[in-house]
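Colleague: Structure below; questions to follow.
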Amino acid sequence: MEDNNKKLMLLDGLSLINRAFYALPVLTTKEGVPTNAIIGFLNIFFKLVEEEKPTHAAVAFDLSGPTFRHKQYTEYKATRKSFPDELVQQIPLIKEVLAAMNVPTVGLEGFEADDVMGTLANRAEEEGFLTTIVSGDRDLLQIASDRIKVRIPKTSKGQTTTEDYFAADFTEKMGITPKEYIDAKALMGDSSDNIPGVPSIGEKTALKIIQKYHNIEAAIADAEAITPKKASENLRNFADQARLSKELATIITTADVPVKIDDLLLGNMINSSSMAMYRQYELKSLLKKFAGMEAKDGKSAAESGSVSAKPLGKIITPGEFSDFIAKADAAQVACYHLIYEGGKPIGLAVSCDGNSIYMPINDDGLSETTAFFEGNTQKAAFDAKKDVRFLRSQGIALKNLTFDLLLAGYLLGNAKDGDDLNDLSLEYLGETMELTDSGEQLSLLDEPSDNIQNEADAAFAALSVIERIFPIMQEDLKQQELNSVYYDIEMPLLHVLADMESLGVKVDGEFLSEYGKKLTVEIDRLTAEIHALAGSNFNINSTKQLAKVLFEDMGIKSIKKTKTGYSTDVEVLEKLAVHHEIAQKILEYRSHQKLRSTYVDGLLSAIGPDGKIHTTFNQAIAATGRLSSIDPNLQNIPVKTELGRELRRAFVASDGFVFVDADYSQIELRVLAELSGDETFLAAFRENQDIHRITASRVFHVPFDEVTDEQRRIAKAVNFGIVYGISAFSLADDIKVSNKEAESFIDGYFGRYPSVKKYMDITVTEAKRVGYAKTIFGRRRLIPELSHKAFTTRSFGERAAMNMPVQGTAADIIKIAMIKVWERLAKEGLESRLVLQVHDELLIEAKEGEEEQVKAILKDEMENAVSLSVPLAIDVSEGKSWYDAK
């Protein structure tokens, strides 16, 4: 008997865990246990429970060992990539949490989770249940029926929804029944499961055939009449392969699963055991959501409700906005959020003194915002740099921006994803969505639908998060002694970077095109030489073909193998190049290919209508505080080879301007001298001596004047390697010596610079005690890896603890210098402008006639950016191109 009150929900465990793992950045507990898959999976689980309100549920898992399909076809799923270790570690933890929540997990040896779910769904249907199956595997669509719904998650514009199918829904969309879908799969195959299918028959042709014949046997019998001709021919030649494929694709619905449907009754999921698990894995969002509920026996999450809705604000017209501005001017702080679509704001939400409004923005509405953005009210927002940049393009200055949650979250170590307000909402409020009055969940992300009410609701949702979180974050910054880094460095820098992004850098497209043509000639020459050395033509870009040529056809001894075969990575080729000319040619070929594809093609496509490239600087990504650059990345323009350096010729100063380039000299070593207090280091920098020659003299026990170029090269590698906490293995690879020799260099270094060794040991010990390392200015890097069980992970944490104070302090110094240079150029009324930063280097586009003044400003502000016991020094040069200025 059918009973719509009896509802079974079946989840494909590994499919949803895999989805959850990649949906969130890698998160860890303080002990270093990865938790992003746990958090993501449970968020999905509880969302589904609220939506489906099941009475019964189970999570199905594949068990280890081969299934009957592997025995039928040894290549079944052979192309599947293994899960990353961080994901694998979380699978048993998720099962533990589910057990504590009284949620059954099921599996059957020799069968897949699909078969288990198919069997349970079939039994439940016979017992009158409505069943919902949730999986990313579309194979399960074959078991959809009038009472079995299959939900397939999908992501669009950062939002996850599902495609829901009963049998009728599937037939309406695909033109065949769910059962006939098995026959379609038999023809088209499945690359993800390595089901072969019939060659040359894709989905479109497969569906067309099954719509006509309904099954493969009927199609095979009439194969001569099938079109196109190739499909007809292959169906006849590969009929048995099609039959095998059908067997592999068919989900078993009668497996001997030793579970009764009544065993899957959902009980009290929120209890003392499950809450203890949430605490153990630091699942703060669930702890906050279900706080105090463990005593409510018998209540499921579906019955317990969720976060209560907040009243929404008022939608107003641009004409009404001026009245609201008067309230904002009188308020101490106003929170705002701009909604963007296609890179242009379409709406503004503002909240102050408990009042919230949303104003759609059109061309008229934007001008109405000027009074607000340029007003005296202090403003708080999330990721305001894009707002500053856009408003500046419209002649509007964003004044009195006093708080940016993106930057605060970055400094506090909470904004794990770097650009998602949902992360902060989850961390501070225990929710990733805000609810409307109707209970509908809203995304906090930009790019909403074109419905004004939906736009407003999304804006209000984001605004509510900003409004509630920023006072908490203000206090957190104060408690963690991060106010100086935040208010004196990161917030002022936001405006500097927005200005640099707006200005852009002029690029000579003709030079790039000619440079690309030269690379093509060289690539063609290298291709011919490589083929000649190999004695055959092959695809050099194919790892498989290259490995075969090198290690089988040419008989070169392999150095390293991977799960997929012989390795041909850079490390392998560099070692082979010592004795084999072809390896050296391949390295050159790859270098030229990368220059052409990544840099020439990439840069040409990035040139805007104004002839400039406008990169975006990431201010809230790198753990050490360094800036990075994207779309395109202008901080990785090659400098190690002359051919790579030639690329800088493409970056040219605008008409009437020249480039003035300033580069800090050995800033990280100077910072290390400051932090360690090593007298030899300090004296070398104070007296402007060659620190690498001094190090070589001390490590190799030779007089300063007798140090060879090779000894200095090794000393330089050791000096900079120590800054990065380099291992003997890595140093050996860098300077091409044995591990033992590299270890002796490092030991010799620490023997001669005991203060450096002592400083690093103390730094690691302190970082282990407090869980983070910090810069001179107080910037912190959380390092949970220091307490990890795995030796390699702990070792990484120790290296991070050693290098973070040095790299981070250097990053802070260059940021301070950028702010001072930018402000000084404006203060002196110069037309010269800061256009690019590459780690320790600043590039100024100086107005002709202002060059000397700019050089003086750079020297003054960069060398006196901060006060250290060692002097800071810069190298300054100029030229019409970036190449000439270096």
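Colleague: Go through the stretch 763-814 and give me each residue that's buried (at least 19 other Cβ atoms within 10 Å of the Cβ) and among the β-branched types (Val, Ile, Thr).
Modeller: Scanning the stretch 763-814 gives THR763, VAL764, THR775, ILE783, VAL806, THR809, ILE813, ILE814.
Colleague: From the list ILE216, ILE251, ILE209, pick out the single residue that is touching a helix residue (DSSP H, G or I) at 6+ places or on another chain (Cβ under 8 Å), aliphatic (A, V, I, L, M) and farther than 13 Å from MET188 by Cβ.
Modeller: Details: ILE216 fails: farther than 13 Å from MET188 by Cβ; ILE209 fails: farther than 13 Å from MET188 by Cβ.
Only one candidate qualifies: ILE251.
Colleague: Find the residue count for the stretch 374-398, including only residues that are more than 23 Å from ASP423 (Cβ to Cβ) and out of contact with any strand residue (DSSP E or B) (no Cβ under 8 Å at 6 or more places or on another chain).
Modeller: 10
Colleague: Checking GLU588 against (1) closer than 30 Å to ASP383 by Cβ; (2) buried (at least 16 other Cβ atoms within 10 Å of the Cβ); (3) not hydrophobic (A, V, I, L, M, F, W, C), only one condition comes out false. Which one?
Modeller: (1)
Colleague: Look through ARG752, ARG794 and report the one residue that is of a type outside the set (Asp, Glu) and in contact with a His (Cβ under 7 Å, 6 or more places away or on another chain).
Modeller: Details: ARG752 fails: in contact with a His (Cβ under 7 Å, 6 or more places away or on another chain).
Testing whether each residue is of a type outside the set (Asp, Glu) and in contact with a His (Cβ under 7 Å, 6 or more places away or on another chain) leaves just ARG794.
Colleague: Between residues in the stretch 11-24 that are in the same structural domain as LYS149 (by TED's automatic domain parsing) and residues that are charged (D, E, K, R) and not in a helix (DSSP H, G or I), which pairs lie under 9 Å by C-beta distance while being six or more apart or on different chains?
Modeller: ASP12/ASP137; GLY13/ASP62; LEU14/ASP62; SER15/ASP137; LEU24/LYS416; LEU24/ASP417
Colleague: Now a separate question. Looking at (1) at pLDDT 95 or above; (2) of a type in the set (A, V, I, L, M); (3) over 26 Å from the mean Cα position of the chain (by Cα), can you tell me which one VAL549 breaks?
Modeller: In the conditions (1) at pLDDT 95 or above; (2) of a type in the set (A, V, I, L, M); (3) over 26 Å from the mean Cα position of the chain (by Cα), VAL549 misses (1) alone.
Colleague: Determine if the stretch 815-832 includes at least one residue that is closer than 29 Å to SER755 by Cα, surrounded by 22 or more Cβ atoms within 10 Å (Cβ to Cβ) and more than 25 Å from the chain's Cα centre (by Cα). Step through it out loud before you land on a result.
Modeller: Of the residues in the stretch 815-832, the ones closer than 29 Å to SER755 by Cα are 815-817.
From what is left, the residues that are surrounded by 22 or more Cβ atoms within 10 Å (Cβ to Cβ) are 815, 817.
Right, trim to more than 25 Å from the chain's Cα centre (by Cα) and you get 817.
Yes, because at least one residue in the stretch 815-832 is closer than 29 Å to SER755 by Cα, surrounded by 22 or more Cβ atoms within 10 Å (Cβ to Cβ) and more than 25 Å from the chain's Cα centre (by Cα).
Colleague: Quick check on the stretch 319-339: of everything there that is acidic (Asp, Glu) and modelled with pLDDT of 80 or more, which residue is nearest to GLY375 (Cα to Cα)? Can you show your working first?
Modeller: Filtering the stretch 319-339 for residues acidic (Asp, Glu) gives 320, 323, 329.
Checking the rest, the ones that are also modelled with pLDDT of 80 or more come to 320, 323.
On the way: GLU320: 17, ASP323: 14 Å.
Restricting to residues being acidic (Asp, Glu) and modelled with pLDDT of 80 or more, the top hit is ASP323.
Colleague: Looking only at the stretch 18-63, filter to residues that are among the polar types (S, T, N, Q) and not in a strand (DSSP E or B); which one of those is surrounded by the fewest Cβ atoms within 10 Å (Cβ to Cβ)? Let's see the steps before the verdict.
Modeller: Here is the first cut: in the stretch 18-63, the residues among the polar types (S, T, N, Q) are 18, 28-29, 35-36, 43, 55.
So of that shortlist, the ones also not in a strand (DSSP E or B) come out as 18, 29, 35-36, 43, 55.
Values: ASN18: 19, THR29: 15, THR35: 21, ASN36: 20, ASN43: 21, THR55: 18.
Applying the filter and picking the extreme gives THR29.
Colleague: Looking at ALA715 and the list (1) at pLDDT 90 or above; (2) closer than 17 Å to VAL737 by Cα; (3) aliphatic (A, V, I, L, M), which single condition is not satisfied?
Modeller: Every condition holds for ALA715 apart from (1).
Colleague: So, in the stretch 66-87, exactly how many residues are surrounded by 14 or more Cβ atoms within 10 Å (Cβ to Cβ) and outside any loop (DSSP other than H, G, I, E, B)?
Modeller: 5
Colleague: Right, here's the next one. In the stretch 234-257, what residues are in a helix (DSSP H, G or I) and of a type in the set (A, V, I, L, M, F, W, C)? Please lay out each step first, then the result.
Modeller: Here is the first cut: in the stretch 234-257, the residues in a helix (DSSP H, G or I) are 234-237, 239-249.
Of everything in the stretch 234-257, those that are in a helix (DSSP H, G or I) and of a type in the set (A, V, I, L, M, F, W, C) turn out to be LEU235, ALA239, ALA242, LEU244, LEU248, ALA249.
Colleague: What single numbered condition from (1) surrounded by fewer than 18 Cβ atoms within 10 Å (Cβ to Cβ); (2) farther than 30 Å from SER232 by Cα; (3) free of Cβ contacts under 8 Å to residues at least 24 places away in the same chain; (4) under 28 Å from the mean Cα position of the chain (by Cα) fails to hold for GLY136?
Modeller: Going through (1) surrounded by fewer than 18 Cβ atoms within 10 Å (Cβ to Cβ); (2) farther than 30 Å from SER232 by Cα; (3) free of Cβ contacts under 8 Å to residues at least 24 places away in the same chain; (4) under 28 Å from the mean Cα position of the chain (by Cα) one by one, GLY136 breaks only (3).
One line per residue, one yes/no per condition, for (1) closer than 24 Å to LEU265 by Cβ; (2) within 19 Å of the chain's Cα centre (by Cα):
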position: LYS7; (1), (2): yes, no
position: PRO34; (1), (2): no, yes
position: VAL49; (1), (2): yes, no
position: GLU52; (1), (2): yes, no
position: THR55; (1), (2): yes, no
position: LYS71; (1), (2): no, no
position: GLU75; (1), (2): no, no
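Colleague: Now, a different point. Looking only at helices (runs of 4 or more DSSP H) that lie completely in the stretch 688-797, which have at least 3 residues being among the charged types (D, E, K, R)?
Modeller: Details: elements: 691-700, 709-723, 728-735, 739-752, 754-770.
Passing ranges, in order: 709-723, 739-752, 754-770.
Colleague: Here's a follow-up. For the stretch 258-273: of the residues being in contact with a helix residue (DSSP H, G or I) (Cβ under 6 Å, 6 or more places away or on another chain) and in a helix (DSSP H, G or I), which is nearest to GLU126 (Cα to Cα)?
Modeller: ILE261
Colleague: While we're here: Regarding ALA583, is this residue more than 30 Å from ASP508 (Cα to Cα), touching a strand residue (DSSP E or B) at 6+ places or on another chain (Cβ under 7 Å), part of a helix (DSSP H, G or I) and without any contact (Cβ under 8 Å) to a residue 60 or more places away in the chain?
Modeller: Working: more than 30 Å from ASP508 (Cα to Cα): yes; touching a strand residue (DSSP E or B) at 6+ places or on another chain (Cβ under 7 Å): no; part of a helix (DSSP H, G or I): yes; without any contact (Cβ under 8 Å) to a residue 60 or more places away in the chain: yes.
Spelling it out, it is not the case that ALA583 is more than 30 Å from ASP508 (Cα to Cα), touching a strand residue (DSSP E or B) at 6+ places or on another chain (Cβ under 7 Å), part of a helix (DSSP H, G or I) and without any contact (Cβ under 8 Å) to a residue 60 or more places away in the chain.
Colleague: Can you pull out the residues in the stretch 176-199 that are modelled with pLDDT of 90 or more and surrounded by fewer than 22 Cβ atoms within 10 Å (Cβ to Cβ)?
Modeller: ILE176, THR177, LYS179, GLU180
Colleague: Shifting gears a bit: Test of understanding: among LYS149, LYS154, which residue is assigned by TED's automatic domain parsing to the domain that holds HIS56, farther than 12 Å from ALA249 by Cα, modelled with pLDDT under 90 and not in a helix (DSSP H, G or I)? Steps first, answer last, please.
Modeller: Values: LYS149 fails: modelled with pLDDT under 90.
Exactly one residue qualifies, and that residue is LYS154.
Colleague: Separate question: When ILE176 is evaluated against the numbered criteria (1) over 19 Å from PRO228 (Cβ atoms); (2) assigned to a helix (DSSP H, G or I), which criterion, by number, is the only one it fails?
Modeller: All conditions pass for ILE176, except number (2).
The values are calculated or read from the model by the stated rules, or taken from the named source; none is laboratory data. Bear in mind that the values here come from a model prediction, so they are computed numbers and not experimental data. Glycine also receives a Cβ, built like all others from the backbone with ideal geometry; neighbour counts cover every protein chain displayed.
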